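For reference, the structure is listed below as structure tokens.
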Amino acid sequence: MSKEKVQIFDTTLRDGEQAAGTRLGAREKMEIARQLVRLNVDIIEAGFPASSPEDFEAVRLISENIEGPVICGLTRARKEDIDIAQKALAKAKRARIHTGIGVSEIHIMGKFADEKYGKTIGEKQATILKMGAEAVKYAAQFVEQVEFYAEDSGRADRAFLYEILEAVIDAGATVLNIPDTTGYAMPEQYGALMREIRANVPNIDNAILSVHCHDDLGLAVANSLAGVKNGARQVEGTINGVGERAGNAAIEEVVMAIHTRRDFFDDVETNINTREFSRTSRMVSDMLGTPVPANKAIVGRNAFAHSSGIHVDGFLKKRETYEIMRPETIGLAESRVVLTARTGRHGLRHRLEAMGYTLSKEELEKTYERFLAVADKKKEVFDEDLAAIISDEIHLVEHVYELEYLHVASGTGTLPTASVKMKIKDEIKQAAACGDGPVDAAYEAIREATGLSPKLENYSIRAVTGGKEALGEATVRITEDGRIFTGRGISTDIIEASAKAYVDAINRMVAAKEKGGNADVKAEL
Ligand code: KIV
Ligand code: ZN
């Protein structure tokens with residue numbers, strides 16, 4: 001069966017950016033728009049051009065530079081807003097004006113209280129209908145696509161809603177946005193609203209129905225999906241669900257629900273490149289300064305993390321036991337097993353194997369005991385902690401490479417250089433190198449002396465003790481052939497600590513290779 005497309009209308013740059021305490025400049029909006037192109041959204045609502053010169057500039061810049069999605073600008077149902085929007089959108093390959101007006105009694109009586117709009121609600125509704133239809137007709141002269149929003153549709157009088165929708169379609173609206181502006185609707189009601197609009201607006205087949213839901217009751221995504229199930233073919237939302245008050249429907253949640261439950265949403269699909277969700281989420285979070293909660297669906301840090309023993313065990317045996325989506329689908333490299341006191345032996349063994357440790361059954365048992373003691377004190381046990389436990393407890397690494405001597409010269413205006421003397425079994429090797437900084441120079445000299453060049457993935461340094469004579473502890477993570485090795489080094493001299501950590505990681509890597517990988521970690525735990 002051929003599937004109908006659900007268009008994804010991203011309003012992160014307009015409704016999303018309306019979130020309290022957030023503001024994006026035109027350049028930042030451009031950056032996000034570029035990422036939205038990679039995500040392959042169908043429409044980007046780039047801003048509300050009449051609201052500020054900065055928003056005008058953002059819409060202008062995006063219209064001029066972004067190709068692919070339709071570029072949309074918001075307006076009120078006013079000629080002056082539409083004039084400004086059409087100027088901002090002038091260079092867009094495909095432009096849309098999104099105009100509209102409040103349609104619920106609360107909005108009409110609140111925003112159009114002045115008697116010039118009419119004395120009774122009936123008179124005011126007639127004025128609103130005329131303003132909406134005129135705005136659409138005016139906008140349709142400038143752009144091919146005009147979308148009409150019937151603000152606060154969720155609480156609007158049905159008969160009036162049908163009437164105004166019919167009028168704006170006749171005036172040239174190609175898309176009808178039915179916002180649940182205040183997040184008031186329940187999914188069944190919102191789904192029924194779509195059905196009833198389709199049944200009661202005679203010319204509805206000439207327009208696409210769009211859902212635009214807010215999350216005041218935590219139902220934005222559920223309402224949007226109910227809308228799709230009942231005939232809506234455009235979904236409006238934001239990345240990470242950012243937006244006014246409790247925010248908008250999170251696009252990544254709506255799309256992944258349609259994607260993952262294609263058995264349920266069997267007649268629709270989206271164009272979204274879901275592998276860009278993770279990256280897009282991070283970018284929006286960084287640029288808006290709005291952290292993503294760890295337990296947020298799809299893109300939260302814990303969305304693909306397993307921690308408790310039963311879950312980890314089940315997940316490691318068969319991923320589908322506890323995962324309904326693959327992390328790769330949203331652009332993550334893999335799921336995470338988070339090591340805590342509840343993780344259990346199986347999870348610990350799995351992590352140690354990934355780090356390249358080859359332990360006997362007894363060694364693993366000893367490591368588990370120490371691991372539990374650390375995990376009881378800490379919320380999460382990291383690779384660095386495991387590396388420390390193993391080197392303290394097991395001393396399994398024979399130090400083939402030893403750093404005998406290190407000299408580093410660096411300072412303002414000089415090229416950092418390092419020379420090292422390394423003992424390699426019974427041989428002494430010396431080397432000198434320069435680098436981008438003193439640590440880089442030292443690492444380059446070590447690579448030169450050992451003839452090994454594993455990829456440095458991570459480097460960190462922290463003070464272990466306080467005061468002038470503080471001990472610095474450096475931790476590095478290196479990889480070779482996809483395997484990870486961690487090294488630690490301690491010294492009052494942080495460059496020396498860094499060099500020791502690097503040599504430590506190299507020793508672990510060489511030891512693991514000599515022991516022939518993970519073959520003897522198969523011992524039952
Ligand atoms: O929530 C809403 O009603 C809106 C409209 C302006 C489209 O954002
Ligand atoms: Zn909104």
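The values are calculated or read from the model by the stated rules, or taken from the named source; none is laboratory data. Since this is a predicted model, take the numbers as computed values, not measurements. Heads up, the Cβs are rebuilt from the backbone with ideal geometry, glycines too, and the neighbour counts pull from every protein chain shown. For the accessible areas, the whole protein counts, side chains as well, though only heavy atoms, and no ligand, DNA or RNA atoms are used. Shrake-Rupley method; radii C 1.70, N 1.55, O 1.52, S 1.80 Å.
What to note about this one:
- Relative contact order (%) - the chain, alpha-carbon pairs under 8 angstrom, separation at least six: 10
- Cα pair count fraction exceeding 22 Å, expressed as % - the range 128-223: 25
- Over the range 63-157, equivalent-ellipsoid semi-axes from the Cα gyration tensor in Å: 29, 13, 9
- The range 345-393: trypsin sites (Lys or Arg not before Pro) in DSSP loop, at most 10 other beta carbons within 10 Å: 379
- Value in Å of the Kirkwood radius, where the range 163-214 supplies the Cα pairs that are averaged: 11.4
- Taking a quarter of the surface of the Cα convex hull of the range 249-353 gives a mean projected area of 7.8 nm².
- Diffusion coefficient, µm² s⁻¹, Stokes-Einstein with Kirkwood Rh over alpha-carbon pairs of the chain at 10 °C and 1.306 mPa s: 59
- Extended-chain gain in nm, criterion 0.36 nm per residue less alpha-carbon gap, residue 188 and residue 427: 78.3 nm
- Projecting the Cα atoms of 192, 2, 414 onto the charge dipole of the chain, computed from C-beta unit charges around the Cα centre, puts 2 farthest toward the positive end.
- Sequence of 96, 198, 155 from largest to smallest accessible area, 1.4 Å probe: 198, 155, 96
- Those chymotrypsin sites (Phe, Trp or Tyr not before Pro) in the range 225-302 that DSSP places in a loop and that have at most 16 other beta carbons within 10 Å: 264
- Subset of 5/29; 425/513; 318/379; 79/111; 93/130 violating a 20 Å alpha-carbon distance limit: 5/29; 318/379; 93/130
- The range 56-113 - charge dipole about Cα centre, Lys and Arg +1 at Cβ, Asp and Glu -1, debye rounded to 20: 140
- Between the listed residues 312, 270, 284, the Cα displaced farthest toward the positive end of the dipole of the range 220-329, a dipole computed from Cβ unit charges relative to the Cα centre, is found at 312.
- Computed from the C-beta positions of residue 261 and residue 64, the FRET efficiency with R₀ = 56 Å rounds to 0.90.
- Each residue of the range 284-301 was assigned a 3J(HN,Hα) from its phi angle through the Karplus expression (A = 6.51, B = -1.76, C = 1.60, θ = phi - 60°), giving 5, 4, 5, 6, 8, x, 10, x, 8, x, 4, 9, 5, 4, 6, 10, x, 4 Hz with x at Gly and Pro.
- For the pair residue 203 and residue 34, label points projected 7 Å from Cα toward Cβ lie 4.2 nm apart.
- Candidates per GluC sites (Glu not before Pro) in the range 1-104, loop by DSSP, up to 12 other Cβ within 10 Å: 67
- Accessible area in square angstrom per residue, the chain, 1.4 angstrom probe: 46
- Solvent-accessible area of residue 23, all protein chains in place: 130 Å² (probe radius 1.4 Å, heavy atoms, ligands and nucleic acids excluded).
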